Amino acid sequence: MPTRFVDVLAPVALDRTYSYRVPDGLDLKAGDIVSVPLGARTITGVVWADNASPEPRLHNRLKDVSEKLDLPPLQAELRGFVDWVADYTLSSRGMVLRMTLRMGEELGPERVRLGVRLVGPAPQRLTPARRRLIALLSDGFLRAKSEAASEAGVSTSVIDGLVDEGTLEVMPLPKPPPEPAPDPEFAVPEFSPTQQGPAEAMRTFAAREGFGVALLDGVTGSGKTEVYFEAVAEVLRKGKQALLLMPEIALTGQFLDRFAARFGVRPHEWHSELTPRRRARTWAAVASGEAHVVVGARSALFLPYADLGLIVVDEEHDQAYKQDEGTHYHARDMAVVRGHIAKIPVVLSSATPSVETEVNARKGRYQRIALPSRFGGQHMPHIAPIDLRSEAPPRGRFISPALAGAVRDAIERREQALLFLNRRGYAPLTLCRACGHRFACNICDAWLVDHRFRQRLVCHHCGFSMPRPHVCPQCQAEESLAAIGPGVERLQEEVAALFPEARTMVLSSDLITSIETMRAELNEIAEGRVDIIIGTQLVAKGHHFPRLNLVGVVDADLGLGNGDPRAAERTFQLLNQVIGRAGREAGQGVGYLQTHQPQHPVMRALVTCDREAFYASEIEARERTGYPPFGRLASLVVSAGERAMAEGFARQLAACAPLDDAVKVLGPAEAPLAVVRGRYRYRLLVKSQRGYDLSGYLRDWLAAAPKPKGTLKLEVDVDPQSFL
Ligand SMILES: [Zn+2]
Ligand SMILES: [Zn+2]
Ligand SMILES: [Zn+2]
């Protein structure tokens, strides 16, 4: 028999595969997960392709595949997806593969659990502990060893003693029965007359064979989740798996309960806080097909589903879907790509779709399934602007008298109020009143943020922190420091002064210690044990507070005018989402926008509830300027420990950009965030026409360009979301 060779892709920062010899008696096919020697190590890789005739000169130097692992093979669909993502993002294929092989080291057979039961007579010497244990086990049932010990209130050594005496016997516990599968008929909801059409459209869409994208479009509280659950039910009936992507997995506690109410069991979760053992088991359950539905953060998109039948991207406009380190990818866009390769339907759900998705729906590339109004006849919140130019808060305060009055009324009605400010910490800037010194990070181009809970000044870019000093380091003045501007912690101070009786809670990502505590705090609010919630964008997402009827946006202008081409879109989406938290269950919700620019198109669209006007003006502006989706963008960020080195390399890069009429290379310019962690940053922005192969252009360019050496680093971001 001729010797067989295979090409194996390893989950390391390499784009190429390596050829290995297949030992006699080993049957390998593409997708199989194998152990192979690589350099001095043995690593887990994936057979990417057969290779009938590797380079003849290498024949005798090729090593053997060590072992085929007892794991389901990666499907052709997933291998194609890995290749595609690597190609598009200019990442190495090995690094993309690494995102799919996240099973860790805890795979392998289930741990055998031991049980104990009574088999012989009681021994001569009986302590009270032994007596309790024997009494417990006198029914003859087999109990887990640890349970028997804790129920009888004894240590396991008491059990071991009685085993030695022949009174008890230890034996393996039978395996727990497999988890029940989600049942599509468990609790089919009664849809309202306005929901019936969309629910039916969703079932038909999910029942199709092949690729397609639907935009599920409906305001907060219109019942989007129940409607896309119909798509999940449809693929479960086909015996396939469904993936539900969520922007913020810590906020999905209520979602898991809603899922269980509809399907009888909770879905599998996938996120960064899983224990290694849970992670390994979930990975294996996904690969074997035992996990029917996975709810996960963006990384769940790269899991090795045995038979994926549907992807739902909830809150598809959310920025959290963009990964900005390692492989730069947008999980919503890549979900559409995986759906295309796997030939399955993809549902994008949002109350405020991204402009890209909205344009695709308007052009008919995506099917729009629209939910007209709120479920149960609730009205959308009434939104009113508070013009800070004429209704300013008192000096050094941030809540205007009008907003304070509305909060007071809400509390008196025993309802909840939410004050929204998308800024963590106490104050974004600290300065010395005596000399004007401003506290900045030593290694970033950023002010230090005052965090009073932690008693420190913190850099939000690198994490550097220092105690808040009592003496100005520049002029030695004592107690001269002033906090400038508000963060949520400062807002809480103001709320405590205004409403001393009210129970308040601050929700901010830097105050979360774990997903579990976060879920507990959200439950406290939902149960009505908090009067005033003060929160950052964390509160905008996903959670349902039945007694919340008032949302006050403390600084509606905060996200506007920072040079980001998506600033208007993001502000519109965020404020819409946060105000949509109000009035979902009881009565009419009200939203207040404190703003200096009530005439801004974003504020006008929010106040008049005119979503169409907002999209029309935003789409027109993008078309005029050639910004996505009417043109394409990529950013190249060069960074180095010295400014001259970063700038010099960026200029070298720019000089060798291939000439092409369809492409414009802008820069290099100092990045808006010019220094991060002591590294100087220069940015090139590459603009092209729509439909142009920008990744191909970049690949040709970088292949011919000098390579970054030493401390120089080049980061490529195709379709960037951040312009810092
Ligand atoms: Zn912070
Ligand atoms: Zn000073
Ligand atoms: Zn810093």
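The values are calculated or read from the model by the stated rules, or taken from the named source; none is laboratory data. Since the structure is predicted, the reported quantities are computational estimates derived from the model, not experimental observations. Cβ sites come from the backbone with ideal geometry, for glycine too, and all protein chains shown count toward neighbours. Note: accessible area is taken over every heavy atom of the protein model, side chains too, but ligands, DNA and RNA are not part of it. Shrake-Rupley method; radii C 1.70, N 1.55, O 1.52, S 1.80 Å.
Select from the range 117-134 the residues that are over 18 Å from Ser155 (Cα atoms), open to solvent by 60 Å² or more (accessible area, probe 1.4 Å) and not aliphatic (A, V, I, L, M) and list them in ascending order.
Pro121, Gln124, listed by residue number.
When you scan the range 465-478, do you find a residue that is under 28 Å from the mean Cα position of the chain (by Cα), within 14 Å of ligand 3 (Cβ to nearest atom) and open to solvent by 30 Å² or more (accessible area, probe 1.4 Å), even just one? Give the derivation first.
We begin by selecting, within the range 465-478, every residue under 28 Å from the mean Cα position of the chain (by Cα); these are 465.
Pick out the ones that are also within 14 Å of ligand 3 (Cβ to nearest atom) and you get 465.
Pick out the ones that are also open to solvent by 30 Å² or more (accessible area, probe 1.4 Å) and you get 465.
Yes: the range 465-478 contains one or more residues that are under 28 Å from the mean Cα position of the chain (by Cα), within 14 Å of ligand 3 (Cβ to nearest atom) and open to solvent by 30 Å² or more (accessible area, probe 1.4 Å).
Check Lys707, Lys713, Lys687 and return the single one that is more than 16 Å from ligand 2 (Cβ to nearest atom), open to solvent by 50 Å² or more (accessible area, probe 1.4 Å) and under 29 Å from the mean Cα position of the chain (by Cα). Write out each step before concluding.
On the way: Lys707 fails: under 29 Å from the mean Cα position of the chain (by Cα); Lys687 fails: open to solvent by 50 Å² or more (accessible area, probe 1.4 Å).
After ruling out the rest, the residue left standing is Lys713.
Which residues, counting only those in the range 201-253, are open to solvent by 30 Å² or more (accessible area, probe 1.4 Å) and among the hydroxyl-bearing types (Ser, Thr, Tyr)?
Thr204
Taking the stated definitions as given, is Glu585 assigned to a loop (DSSP other than H, G, I, E, B), in the same structural domain as Ile411 (by TED's automatic domain parsing) and at pLDDT below 95?
Numbers: assigned to a loop (DSSP other than H, G, I, E, B): yes; in the same structural domain as Ile411 (by TED's automatic domain parsing): yes; at pLDDT below 95: yes.
In short, yes.
Looking at the range 18-65, which of the residues that are within 40 Å of the chain's Cα centre (by Cα) and among the polar types (S, T, N, Q) is most open to solvent (accessible area, probe 1.4 Å)?
Thr42
Which of the numbered conditions does Val602 fail, given that it passes all the others? Conditions: (1) open to solvent by less than 30 Å² (accessible area, probe 1.4 Å); (2) touching a residue at least 60 places away in the same chain (Cβ under 8 Å).
Status for Val602: all satisfied but (2).
Of all residues being within 10 Å of ligand 3 (Cβ to nearest atom) and in contact (Cβ under 8 Å) with a residue 12 or more places away in the chain in the range 418-443, which is surrounded by the fewest Cβ atoms within 10 Å (Cβ to Cβ)? Just the residue, please. Walk me through it before giving the result.
Taking the range 418-443 and keeping what is within 10 Å of ligand 3 (Cβ to nearest atom), we get 440-443.
Those still in the list that are in contact (Cβ under 8 Å) with a residue 12 or more places away in the chain too: 441-443.
Values: Cys441: 24, Asn442: 11, Ile443: 15.
This residue is Asn442.
From (1) in contact with a His (Cβ under 8 Å, 6 or more places away or on another chain); (2) more than 15 Å from ligand 1 (Cβ to nearest atom), pick out the condition that doesn't hold for His437.
Every listed condition holds for His437 apart from (1).
Going by the structure shown, is Asp409 within 16 Å of ligand 1 (Cβ to nearest atom), closer than 28 Å to Leu538 by Cβ and of a type in the set (Asp, Glu)? Spell out how you get there, then give the answer.
Numbers: within 16 Å of ligand 1 (Cβ to nearest atom): no; closer than 28 Å to Leu538 by Cβ: yes; of a type in the set (Asp, Glu): yes.
Taking the combined requirement at face value, the residue does not satisfy it.
Filter the range 268-300 down to the residues that are buried (at least 19 other Cβ atoms within 10 Å of the Cβ) and in contact with a Pro (Cβ under 7 Å, 6 or more places away or on another chain) and list them by number.
The answer is Val286, Ala287, His292, Val293, Val294, Val295.
Run Ala201 past the list (1) under 30 Å from Gly31 (Cβ atoms); (2) in contact (Cβ under 8 Å) with a residue 24 or more places away in the chain; (3) not hydroxyl-bearing (Ser, Thr, Tyr) and report the number of the one that doesn't hold.
Ala201 satisfies all of (1) under 30 Å from Gly31 (Cβ atoms); (2) in contact (Cβ under 8 Å) with a residue 24 or more places away in the chain; (3) not hydroxyl-bearing (Ser, Thr, Tyr) except (1).
Within the range 444-458, can one find any residue that is open to solvent by 10 Å² or more (accessible area, probe 1.4 Å), farther than 30 Å from Leu550 by Cβ, of a type in the set (Asp, Glu) and in contact with a strand residue (DSSP E or B) (Cβ under 7 Å, 6 or more places away or on another chain)?
Yes - at least one qualifying residue is present in the range 444-458.
Working only within the range 378-410, note down all residues that are open to solvent by 40 Å² or more (accessible area, probe 1.4 Å), more than 32 Å from the chain's Cα centre (by Cα) and farther than 30 Å from Leu429 by Cα.
Passing the criteria: only Asp409.
Looking only at strands (runs of 3 or more DSSP E) that lie completely in the range 398-517, which have at least 3 residues being within 16 Å of ligand 2 (Cβ to nearest atom)? Before you say what the answer is, go through the steps one by one.
Values: elements: 416-420, 429-432, 449-451, 456-458, 465-467, 481-484, 504-507.
The strands (runs of 3 or more DSSP E) meeting that bar are 429-432, 481-484.
Are any of the residues in the range 106-114 of a type outside the set (S, T, N, Q) and either farther than 30 Å from Arg281 by Cβ or at pLDDT 90 or above (or both)?
Going through the range 106-114, the residues of a type outside the set (S, T, N, Q) turn out to be 106-114.
Next cut, either farther than 30 Å from Arg281 by Cβ or at pLDDT 90 or above (or both) only: none.
For the range 106-114, residues of a type outside the set (S, T, N, Q) and either farther than 30 Å from Arg281 by Cβ or at pLDDT 90 or above (or both): absent.
Could you tell me which of the residues Leu429, Leu388 is within 30 Å of Thr220 (Cβ to Cβ) and either modelled with pLDDT of 95 or more or of a type outside the set (D, E, K, R) (or both)?
Working: Leu429 fails: within 30 Å of Thr220 (Cβ to Cβ).
Residue meeting the stated conditions: Leu388.
Look at the range 301-328 and say how many of its residues are under 30 Å from Leu636 (Cβ atoms), assigned to a strand (DSSP E or B) and open to solvent by 10 Å² or more (accessible area, probe 1.4 Å).
Number of matching residues: 2.
Listed here are the residues, each with its yes/no results for (1) modelled with pLDDT of 90 or more; (2) assigned to a helix (DSSP H, G or I); (3) charged (D, E, K, R).
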position: Ile134; (1), (2), (3): yes, yes, no
position: Asp139; (1), (2), (3): no, no, yes
position: Ser146; (1), (2), (3): no, yes, no
position: Ile159; (1), (2), (3): yes, yes, no
position: Val163; (1), (2), (3): yes, yes, no
position: Pro176; (1), (2), (3): no, no, no
position: Pro182; (1), (2), (3): yes, no, no
